[in-house]
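Everything below concerns the one structure shown next.
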Amino acid sequence: MAKAVGVGGIFLKSRDPKALSAWYATHLGIESQGGGSLVFDGPESAGMTVSRALPQTGVLVLSQYLDEDYVFALLGDGAERLGYLLKDRITDGDAFVDAVRRVAAGEAALDPEVVSHLLGRPAAGGPLEDLNERERTVLSEMAEGRSNNAIASRLYLSDRAVERHVTAIFSKLRLTATPDSHRRVQAVLTYLRA
């Protein structure tokens with residue numbers, strides 16, 4: 001795993017750390033500081049640059065503050081292999097390691113405070129109006145980057161019950177399966193923008 005540190009911080013995982021370091025040196029003018037560390041200013045913009053240029057690289061941004069525009073821009077192309085955590089809320093080592101592992105595994109990891117802030121209360125007549133409370137809870141867990149299995153475990157539901165809720169969410173949000181779209185990401189973005 002390569003580690004990048006700046007104003008905030010980003011942990012990058014690449015199957016080829018040498019290629020990642022070479023890409024950084026070529027495109028961002030950043031040289032490795034030894035031990036896999038890369039030092040730079042502006043971790044948020046570097047995180048977006050890396051996630052778009054090297055889509056197989058997991059990017060977990062650690063930020064001092066919540067930047068809504070940046071979070072939406074980061075997630076705009078999908079939430080796979082992406083994470084955004086607030087530094088001052090990282091007090092549980094196990095939860096942090098879980099976030100790193102989820103991003104490394106190709107999933108998303110969003111700080112619950114970020115999700116709550118971006119969600120607020122759904123506007124009357126908004127796209128989430130048709131979702132019941134349990135579906136909103138499941139969608140909130142999805143927005144934090146949790147898999148169906150993890151959601152089932154956290155909410156004490158069966159895997160099948162979570163699958164039914166996710167299917168209902170897709171249906172109520174009118175998200176159809178196409179080869180060019182990822183309904184789970186679209187549902188989360190709809191939820192965050194509502």
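The values are calculated or read from the model by the stated rules, or taken from the named source; none is laboratory data. Quick caveat, the model's predicted, so the values are computed rather than measured. Cβ placement follows ideal geometry from the backbone for every residue including glycine, while neighbour counts extend to all protein chains displayed.
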Only one of these conditions is not met by Arg134: (1) touching a helix residue (DSSP H, G or I) at 6+ places or on another chain (Cβ under 8 Å); (2) assigned to a loop (DSSP other than H, G, I, E, B); (3) basic (Lys, Arg). Which number is it? (2)
Which one of these is in contact (Cβ under 8 Å) with a residue 24 or more places away in the chain, more than 21 Å from Ser63 (Cβ to Cβ) and polar (S, T, N, Q): Ser140, Ser147, Ser153? Ser147
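Which one is surrounded by the most Cβ atoms within 10 Å (Cβ to Cβ) among residues in the range 143-185 that are polar (S, T, N, Q) and part of a helix (DSSP H, G or I)? Show your work before the answer.
Taking the range 143-185 first, the residues polar (S, T, N, Q) are 147-149, 153, 158, 167, 171, 176, 178, 181.
Subset that is part of a helix (DSSP H, G or I): 148-149, 153, 167, 171.
Values: Asn148: 19, Asn149: 10, Ser153: 13, Thr167: 11, Ser171: 11.
It comes out as Asn148.
Counting only residues that are part of a strand (DSSP E or B) and of a type in the set (Gly, Ala, Ser), which one in the range 61-104 is nearest to Arg146 (Cα to Cα)? I'd like the intermediate steps shown before the answer.
Taking the range 61-104 first, the residues part of a strand (DSSP E or B) are 61-63, 82-86.
Next, only the ones that are of a type in the set (Gly, Ala, Ser) stay: 63, 83.
On the way: Ser63: 20, Gly83: 11 Å.
The qualifying residue nearest to Arg146 (Cα to Cα) is Gly83.
Matching residues to (1) assigned by TED's automatic domain parsing to the domain that holds Arg184; (2) at pLDDT 75 or above:
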residue: Ala46; (1), (2): no, no
residue: Gly78; (1), (2): no, no
residue: Thr91; (1), (2): no, yes
residue: Val97; (1), (2): no, yes
residue: Glu129; (1), (2): yes, yes
residue: Val138; (1), (2): yes, yes
residue: Ala143; (1), (2): yes, yes
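In the range 87-105, how many are farther than 28 Å from Ser181 by Cβ and touching a residue at least 12 places away in the same chain (Cβ under 8 Å)?
4
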Does Glu107 fit the bill of being farther than 18 Å from Ala194 by Cβ, of a type in the set (D, E, K, R) and at pLDDT 80 or above? yes
Limited to the range 87-119, what total is found for residues that are among the aliphatic types (A, V, I, L, M) and surrounded by fewer than 23 Cβ atoms within 10 Å (Cβ to Cβ)? 10
Out of Ser171, Ser147, sole residue that is farther than 24 Å from Val103 by Cβ and small (Gly, Ala, Ser): Ser171
From the list Tyr65, Tyr70, Tyr84, which one is exposed (fewer than 14 other Cβ atoms within 10 Å of the Cβ) and touching a residue at least 12 places away in the same chain (Cβ under 8 Å)? Tyr65
